[in-house]
There are 2 protein chains.
Amino acid sequence: MAKEKEFVRDVADINENFPQWYTDVVLKTGLVDYGPTKGTMVIRPYGYAIWENIQSQLDKRIKATGHENAYFPMLIPYGFLLKEAEHVEGFAPEVFTVTSVGEEELAEKLVVRPTSETIICSMYAKWVQSYRDLPVLINQWANVMRAEKTTRPFLRTSEFLWQEGHTVHATAEEAQEETIKMLNVYAEFAKNVLAIPMLTGQKTEREKFAGAAATYSIEAMMHDGKSLQAGTSHNFGQKFAKAFDIKFLDKDGTHKTPYQTSWGVTTRLIGAIIMVHGDERGLCLPPYVAPVQVAVVPVAMHKDGVADKAKEVSENLRAAGLRVKLDLSDNSPGWKFNEYEMKGVPVRVEIGPRDIENGVATVVRRDKFGEKTTLPLDGLAESLTALLQEIHDNMYQKAEENLNKRIRVVKDMDELEKAVNDGCFGLTMWCGDEDCEIAIKEKMQATSRNMPFDQTPVGDKCVCCGKKAKYKIYFARAY
Amino acid sequence: MAKEKEFVRDVADINENFPQWYTDVVLKTGLVDYGPTKGTMVIRPYGYAIWENIQSQLDKRIKATGHENAYFPMLIPYGFLLKEAEHVEGFAPEVFTVTSVGEEELAEKLVVRPTSETIICSMYAKWVQSYRDLPVLINQWANVMRAEKTTRPFLRTSEFLWQEGHTVHATAEEAQEETIKMLNVYAEFAKNVLAIPMLTGQKTEREKFAGAAATYSIEAMMHDGKSLQAGTSHNFGQKFAKAFDIKFLDKDGTHKTPYQTSWGVTTRLIGAIIMVHGDERGLCLPPYVAPVQVAVVPVAMHKDGVADKAKEVSENLRAAGLRVKLDLSDNSPGWKFNEYEMKGVPVRVEIGPRDIENGVATVVRRDKFGEKTTLPLDGLAESLTALLQEIHDNMYQKAEENLNKRIRVVKDMDELEKAVNDGCFGLTMWCGDEDCEIAIKEKMQATSRNMPFDQTPVGDKCVCCGKKAKYKIYFARAY
């Protein structure tokens, strides 16, 4: 292939300059582009297709747990934000504010939703009247906006896409059960669809959502040793219900204040996928979210029957439900190999004259570099379907091994600092005092991630102040 | 059923007060509620599920014609609007404007997208460099905002949901082909999914989209004799490409300006469904968008085996891919019958002791009032699947008959006025002069709807001025 147009990967070294690697990969594989306004992104078709695959598979789980989707207005009267004191404190500085329509000033300014608790609660106050109206189990897929000083595509942008569940329950127990149930839905989804293992647990007071009684999170370990909060589930207790005067007539004939939850994941999950699975060759996409699962590349395309066979194979694979890209462009096979490798396509299928003669296809996995096998054309859809599951499992296992390697039990500040410097979660004990979280953040730029449900102690003293410890907790540097 | 809790339909008479009937139906069936801000709506789960069904089936068609989805920022720099003169004139008065973030004033004001041509063209100017980059075939599902003075849920609200396709082509011919192709996709979708016949044709200069070279529309006839524009497809020619300096290097080595299209449908389609198919008993939903296709109602539920059989039947129907609501609540069967009738569920299945004895279910169609049949439980999923298609066909046929009855060929202003007073499209000839459109609007509040592709004349003089006619055209009162 001497005449081959040279493929220019042009991606920074993943181990030497991870932030540059990330930027190179997201731009050069066509996932995303920068929008014209500061801090915005354009999600290009290759990136948006990942989001569509996330959406459809997560939406199924959200519905299977009894929730329905709805849509609430994007602009929220400013006065609504003021009703819950912690909420306004958390969000007011970063909301985009609409003050006019055309040339006309608005009587009350409106904010672009940074999240929808307030406007949704204003409707729930109307809809919830009796115990018969409970539980309310509603989810919304929407765009939201929060101004950010430093932004990165998918990880932190002023506008992003997400889903936000908002539920109302008769009792505190039910609300807590819902909060944990949805956290577990996220963790299961991350495992079985994104091939990402998550640390689940409760956030500290300092790190919880503005207005929540308790926040729980899923946290994942990125390639560079930083943690990424990938989803949250909040138990609001009665805070918003009181602020918005939501009440229901219970079976016993008395009026009661219900309990609420909310939970969400965002386009940030795409960032997690990139940073967990990516490698020196570019993206490596988990099969169940990959826009293209199989790239079919004809080799010696000019030879009789090759292009036709490649078409036929592609059609068969598509008919079996696989997402297939058949590349008949005039780029060289080598160029195409590089292209689909950089774009993280899980499987490449090569069809050449010799393959056709032997009734096979040459199959190359993205997750195990350099491993080439042949598979019979007969039954190829079934064997590739099985292979995609195998690839998924292998990617999950690699990610899990990396996570486990990067959890280090530590007892004091020196050990913790060494752990975060080494790109690890420090699993340690904490007294529960916010001052210790602040001290740790100041000393080593690490934050508390969450407190795992398994609270079996790994010591008895606080990692920071040395006083009696109350909680087992993860600290890490984080996005 | 003497103890039956009385069902209160409480919906205005569809023939006496259609606007009130519409409001009653959309609120009381739980499709929608008014948002807290003027002109906004909350799409409740029952309404949003219709939108999800529209989305998934239209999205398949958009993808099958080669388009991919993407997502562009919602806030557009105000300066972008100014670049295309007609576009800014059309949209500037109704845009919601963001002037600050938190307490900080923005250097340049931003507008909430009323449509996305400008921001998308700003990106296309970057992405389109060579003939190899063409065609660009991108679609976006998003929310948009346009201030409206008088609003009605689904038909006209300040915020609505839609899809907007935005394509770029090397030649004028390709752009025109795309424009018509997508118009036809909408018409086919309306027929086969919404059971609504559409009049397709070209808009006049006066009624075209702000910035388009030519606009085409699908128009449907509502129950009250008014037309509803249900979707549009625009050929932009080179207008936006020139305004945004989009250029490509063609095969012949010269730089050329490409041609563009855009096309969209909105949540307004839900309004069309309601107003085409609804009747004196409430909603009547076409099977392929109905959130619930089959309501299973046990009769004499307290009797042994009835509830269990209803559950078993429901499970079987669900397993076959039908959308089923099993109602085991303690409301009376009569109450449930009324409820699902008002909510427009296409098929009600009653399971009572006698049915079980006979191995059948009692089946009631929503579209043919009062028609009860029995179907064997054995093979019920298959027979109901076939029945849903039959219902769809019957609903389409009824709507088509109504449309045909309401198209009247007219020759002069008196005939046209009588036609629109009778709730008809006036199909007539027009000289092409905007003054005549204005005169017709002033005299009888009717507007030109579109000029059908079949231009076989129905006369030779303009309906208004009597001069030589150029175009065959539909006029009607419209939403």
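The numbers here are math on the coordinates, done by the rules we state, and not lab data. Everything quoted here is computed from the prediction, not taken from an experiment. Using ideal geometry, Cβ is built from the backbone for each residue, glycine included, and neighbour counts are taken over all protein chains shown.
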For this session: Extending each Cα 7 Å along its Cβ direction at B:Ala12 and A:Gln397, get the distance between those two points in nm, one decimal.
Result: 6.7
Problem set entry | Relative exposure of A:Lys368, A:Lys149, B:Lys472, A:Lys28, judged by other C-beta atoms within 10 Å (fewest first) | A:Lys149, A:Lys368, A:Lys28, B:Lys472
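Take the residue pairs A:Lys191/A:Lys398; A:Lys181/A:Lys256; B:Lys203/B:Lys472; B:Lys208/B:Lys405 and return only those whose Cα atoms are more than 20 Å apart.
Working: A:Lys191/A:Lys398 12 Å; A:Lys181/A:Lys256 24 Å; B:Lys203/B:Lys472 12 Å; B:Lys208/B:Lys405 27 Å.
Among A:Lys191/A:Lys398; A:Lys181/A:Lys256; B:Lys203/B:Lys472; B:Lys208/B:Lys405, the Cα-Cα distance tops 20 Å for A:Lys181/A:Lys256; B:Lys208/B:Lys405.
Give the shape of the range A:17-83 as rounded, prolate or oblate, defined through the alpha-carbon gyration tensor: a ≥ b ≥ c are the square roots of its eigenvalues, a/c under 1.5 means rounded, and otherwise the shape is prolate if a/b is larger than b/c and oblate if not.
Numbers: a/c = 2.69, a/b = 1.35, b/c = 1.99.
Verdict is oblate for the range A:17-83.
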Problem set entry | Inter-copy label distances at A:Glu400 (7 Å, Cα→Cβ; nm, one decimal) | 5.7
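Using DSSP H assignments, which helices in chain B have an axial alpha-carbon span of 18 Å or above and a mean Kyte-Doolittle hydropathy of -1.0 or higher?
Values: long enough: B:45-64 (28 Å, -0.76); B:172-189 (26 Å, -0.43); B:306-319 (20 Å, -0.68); B:380-405 (37 Å, -0.69).
Passing helices, by number: B:45-64, B:172-189, B:306-319, B:380-405.
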Exercise. Can you give the three extents of the C-alpha atoms in the range A:349-422 along their principal axes, from longest to shortest, in whole Å?
Worked result: 65, 20, 10
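Using only alpha carbons, build the gyration tensor for chain A and give me the equivalent ellipsoid semi-axes, biggest first, whole Å.
With the √(5λ) rule applied to chain A, the semi-axes are 44, 28, 22 Å.
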Problem set entry | Candidate aspartates and glutamates for bridging to A:Lys28, where Cα separation is under 19 Å - those fewer than 8 sequence places away on the same chain excluded | A:Glu6, A:Asp10, A:Asp13, A:Glu16, A:Asp279, A:Glu280, A:Asp327, A:Glu339, A:Glu341, B:Glu68, B:Asp133
Seminar exercise, completed: For the protein assembly as shown, the Debye formula with one identical point scatterer on each Cα and no solvent gives log10 I(q)/I(0) at q = 0.07 Å⁻¹ as -0.67
Exercise. Do the sum for chain A: with -39,500 (n - 2.57) for every DSSP H run of n ≥ 4, divided by all residues, what is the mean residue ellipticity at 222 nm, to the nearest 500 deg cm²/dmol?
Worked result: -10500 deg cm²/dmol
Exercise. Measuring label to label, 7 Å along Cα→Cβ, what does A:Gly432 give against each other copy in nm, shortest first?
Worked result: 8.4
For this session: Can you list the distances in nanometres, one decimal and ascending, from the B:Gln389 label point to the identical position in each other copy, with the point 7 Å along Cα to Cβ?
Result: 3.2
For this session: Have a look at the DSSP beta bridges in the range A:294-386 and tell me what percent are antiparallel, nearest 5.
Result: 55
For this session: Return the whole-Å distance between the Cα centroid of the range A:434-479 and the Cα centroid of the range B:379-438.
Result: 70
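Return the percentage of antiparallel bridges among DSSP beta bridges fully within chain B, rounded to the nearest 5 %. Don't skip to the end; give the middle numbers.
Numbers: 68 of 83 bridges.
Of those bridges, close to 80 percent are antiparallel.
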Seminar exercise, completed: Under the rule rounded for a/c under 1.5, else prolate if a/b exceeds b/c, else oblate, using alpha carbon gyration tensor axes a ≥ b ≥ c, the range B:294-387 is classed as rounded
For this session: In nm, give the distance between the simple-model label positions of B:Arg152 and B:Glu357, each being 7 Å from the Cα along the Cα-to-Cβ direction.
Result: 5.0
For this session: Quick one: check the C-alpha center-to-center distance for the range B:3-50 versus the range B:165-216, whole angstrom.
Result: 32
For this session: Using only Cα atoms, locate the centre of the range A:230-289 and the centre of the range B:276-314, then give the distance between them in Å, rounded to an integer.
Result: 32
Exercise. At q = 0.12, 0.25 Å⁻¹, what base-10 log of I(q)/I(0) does the Debye formula yield for the range A:407-476 when every alpha carbon is treated as an equal point scatterer in vacuo?
Worked result: -0.23, -1.10
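Using a simple charge model, +1 on the beta-carbon of Lys and Arg, -1 on the beta-carbon of Asp and Glu, nothing else, what dipole does the protein assembly as shown show about its Cα centre, in debye to the nearest 20? If you can, show how the numbers build up before the last one.
Numbers: 120 positive and 136 negative charges, 4 e Å.
It comes to approximately 20 debye.
Can you list the chymotrypsin sites (Phe, Trp or Tyr not before Pro) in the range B:309-370 that are in a DSSP coil and have 13 or fewer other beta carbons within 10 angstrom? Walk me through the numbers before you get to the answer.
Numbers: sites: B:Trp335, B:Phe337, B:Tyr340, B:Phe369; in loops: B:Phe369.
Answer by residue number: B:Phe369.
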Exercise. Could you name the aspartates and glutamates in cross-link range of B:Lys411, using Cα to Cα under 19 Å and dropping any fewer than eight places away on the same chain?
Worked result: B:Asp422, B:Asp433, B:Glu434, B:Asp435, B:Glu437, B:Glu442, B:Asp454, B:Asp460
Seminar exercise, completed: Residues meeting the amide H criterion for B:Ala478 (H placed from the backbone, H to H distance under 5 Å, 5 or more places apart or on another chain) are B:Ser227, B:Thr447
For this session: Report, by chain and number, residues whose modeled amide H sits under 5 Å from the one on B:Tyr34, excluding near sequence neighbours (fewer than 5 apart, same chain).
Result: B:Val42
Problem set entry | Likely footprinting exposure, A:Glu382, B:Glu357, fewest C-beta neighbours within 10 Å first | B:Glu357, A:Glu382
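When A:Met301, A:Met123 are ordered from fewest to most other Cβ atoms inside 10 Å of their Cβ, what list results?
Details: A:Met301 17, A:Met123 24.
The fewest-first ordering by Cβ neighbours comes to A:Met301, A:Met123.
So if we plug the beta-carbon distance of B:Glu280 and A:Lys443 into 1/(1 + (r/R0)^6) with R0 = 60 Å, what FRET efficiency do we get, rounded to 0.05?
On the way: r = 74 Å, r/R0 = 1.23.
That pair, B:Glu280 with A:Lys443, gives E of 0.25.
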Problem set entry | Simple label model, 7 Å out from Cα along Cβ direction - A:Trp127 to A:Gln389, nm | 3.8
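Quick check of the Kirkwood formula: for the range A:18-277, what is the inverse mean of 1/r over all pairs of different Cα atoms, in Å? Write out the running numbers ahead of the final one.
Values: mean 1/r = 0.0519 Å⁻¹.
Final number for the Kirkwood radius of the range A:18-277 is 19.3 Å.
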For this session: Would you list, by chain and number, the lysines whose Cα falls below 26 Å from the Cα of A:Lys109, excluding same-chain residues fewer than 8 positions away?
Result: A:Lys38, A:Lys83, A:Lys126, A:Lys149, A:Lys239, A:Lys242, B:Lys38, B:Lys109, B:Lys149
